[in-house]
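The values are calculated or read from the model by the stated rules, or taken from the named source; none is laboratory data. Computed from a predicted model, the values in this text were never measured in an experiment. Backbone-built Cβ (ideal geometry, glycine too); neighbour counts: all protein chains shown. Ligands, DNA and RNA are excluded from the accessible area calculation, which covers all protein heavy atoms including side chains. Shrake-Rupley method; radii C 1.70, N 1.55, O 1.52, S 1.80 Å.
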Amino acid sequence: PSVAEFLKHWHASDGAPLLLRGVVTRWPLMGWTPSDLAAKFGDVVVPVEMTRGDADYRDAYDTSSGSYADAEHGARSFVSGHEVPLGLFVECFMRTRGREGGGDDDLRAYLAQHDLFESVPELEDACRPTPPYVGAGAMKRVWIGPANTKTPLH
């Protein structure tokens, strides 16, 4: 949609989520596989969030400090900011999921809210054209995760 159409729908939605179709279909990144990411940027260290038992960041967010803390609530647990090379993350959590012997199926990990573009400008180049309604100077963060990764809207 145009910027005017986007803003019209956004203001009329009263905060409801919007589904934008076809926004990234022309991005070069859409042709990449997890293996491509690992081959190109495998040595880049990234922070991952790990969950078990369908936990998410809300299980560990401390509202008084505005930060995350590792949390375990019975079968649910959440760990934030564990740093690993991107290639290891891809191998352990994206390529091995679903394979026999692929590990703990209840354990999930994903890269979230990270400024990967800062350390890997080539990745940002692969995410172009930027939609016109993403303002100049907007905070750009990357989320990468395997199939069936769940996170609430934020």
### Task
Tell me which residues, restricted to the range 1-44, are modelled with pLDDT under 80 and open to solvent by less than 50 Å² (accessible area, probe 1.4 Å).
Phe6, Ala16
## Note on the structure
Within the range 45-88, restricting to residues that are in a strand (DSSP E or B), in contact with an Asp or Glu (Cβ under 9 Å, 6 or more places away or on another chain) and at pLDDT below 60, the one that is surrounded by the fewest Cβ atoms within 10 Å (Cβ to Cβ) is His73
### Query
What number of residues within the range 109-134 satisfy the criterion of being touching a Lys or Arg at 6+ places or on another chain (Cβ under 8 Å), under 16 Å from Met30 (Cα atoms) and charged (D, E, K, R)?
2
